[in-house]
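The values are calculated or read from the model by the stated rules, or taken from the named source; none is laboratory data. This one's a predicted model, so the numbers in the text were calculated from it and none came from an experiment. Note: ideal-geometry Cβ built from the backbone for every residue, glycine included; neighbour counts use all protein chains shown.
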């Protein structure tokens, strides 16, 4: 993940760093991404309300 745009976001890209795609692009801070065993989804944490509350999301990448 990266915080280069002011908030923590999750990106996917090719191994050489090309073809970067921001998956989360939200106002909340997202991090700790984990791929599913089949590579079809990513689970991640999202810190809400100035990091006072944490939620877990699963994003389908198909």
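A few points about this structure:
- Restricted to segment 32-49, and to residues there that are part of a strand (DSSP E or B) and at pLDDT below 90, the residue that is farthest from residue 8 (Cα to Cα) is 48.
- Per-region count, segment 16-31, residues at pLDDT below 95 and either out of contact with any strand residue (DSSP E or B) (no Cβ under 8 Å at 6 or more places or on another chain) or in a loop (DSSP other than H, G, I, E, B) (or both): 8
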